[in-house]
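What follows is calculated from the coordinates using simple rules that are stated; it is not laboratory data. Since we're looking at a predicted model, the values are computed, not measured. Cβ placement follows ideal geometry from the backbone for every residue including glycine, while neighbour counts extend to all protein chains displayed.
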Amino acid sequence: MILRSISAMKEGFKLLPGYFGRAQQESLLQDVRDILRAAPFYQPTMPKSGQPMSVKMTNAGALGWMTDKQGGYRYQARHPVKNTPWPPIPDTLLALWDDVGGYDAPPEACLVNWYHGEKSRMGLHRDQDEDAPDAPVVSVSLGATALFRLGGPNRRDKTSSFRLSSGDVVVLGGKSRDFFHGVDRVYPETSTLMPSPQRINLTMRRVTRPDRG
Ligand code: SIN
Ligand code: FE2
């Protein structure tokens with residue numbers, strides 16, 4: 001009932017609980033380990049203040065999202081420390097995009113967010129650094145359960161909170177593509193996929209406008 005009311009309010013928003021079962025979660029975690037060999041986690045910092053974020057990040061895909069004190073929020077084709085191209089987006093995630101994204105061009109970026117401690121969180125924000133606003137944002141949760149908050153197009157709009165468990169998929173499509181969202185906390189001892197309280201979030205986005213000829 002809660003879910004029905006969230007999707008009624010939040011047009012274009014989808015929560016698909018348990019989309020990936022345990023065996024697929026383990027296989028996705030192995031995909032993440034493979035990504036990390038080519039592209040280790042880096043420490044993102046806030047534009048201007050240089051304040052470190054409480055999550056670490058890396059990417060797969062032609063473009064990766066990053067932020068640091070000097071350059072601010074942006075996409076770039078190379079790892080900020082290794083200066084090598086990001087590894088490819090895993091096939092399982094490309095198949096997920098095709099299944100739930102409803103978009104006729106592939107994602108270009110897969111951001112890997114690592115919530116590594118009990119203090120890891122993600123402040124309320126909108127995903128606004130992409131040039132393809134008609135494409136959805138598709139994300140997968142792995143590991144510890146998170147408290148996710150979804151608002152509206154304005155920072156002060158009313159928000160709803162709900163838990164995301166390992167294997168859940170979220171789609172921010174339609175109007176909800178521009179809605180504020182964030183992660184208030186992760187809950188320890190809620191998953192055996194990784195040592196508690198770790199959580200991995202994989203977020204796919206289309207960054208450039210597809211050339212539809
Ligand atoms: C994000 O919005 O970048 C992260 C969402 C999540 O961790 O579930
Ligand atoms: Fe986001």
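Filter the range 8-46 down to the residues that are under 21 Å from R121 (Cβ atoms) and exposed (fewer than 14 other Cβ atoms within 10 Å of the Cβ) and list them by number. Answer for the range 8-46, where residues must be under 21 Å from R121 (Cβ atoms) and exposed (fewer than 14 other Cβ atoms within 10 Å of the Cβ): just Q43.
More than 25 Å from P188 (Cβ to Cβ), within 16 Å of ligand 1 (Cβ to nearest atom) and either among the β-branched types (V, I, T) or in a helix (DSSP H, G or I) (or both): does that describe L29? Taking the combined requirement at face value, the residue does not satisfy it.
Just one of the listed residues (L96, L142, L164) is among the aliphatic types (A, V, I, L, M) and either surrounded by fewer than 19 Cβ atoms within 10 Å (Cβ to Cβ) or within 15 Å of ligand 2 (Cβ to nearest atom) (or both), and it is L164.
Output the strands (runs of 3 or more DSSP E) that fall wholly within the range 128-175 and possess 1 or more residues being within 12 Å of ligand 1 (Cβ to nearest atom) and within 14 Å of E11 (Cβ to Cβ), or say none. The strands (runs of 3 or more DSSP E) meeting that bar are 146-150, 169-172. Residues in the range 188-211 that are touching a Pro at 6+ places or on another chain (Cβ under 7 Å) and either of a type in the set (K, R) or within 13 Å of ligand 1 (Cβ to nearest atom) (or both): M204, R205, R206.
F162 meets the conditions (1) under 23 Å from Y73 (Cβ atoms); (2) touching a residue at least 24 places away in the same chain (Cβ under 8 Å); (3) not basic (K, R) in every case but one. The failed one is (1).
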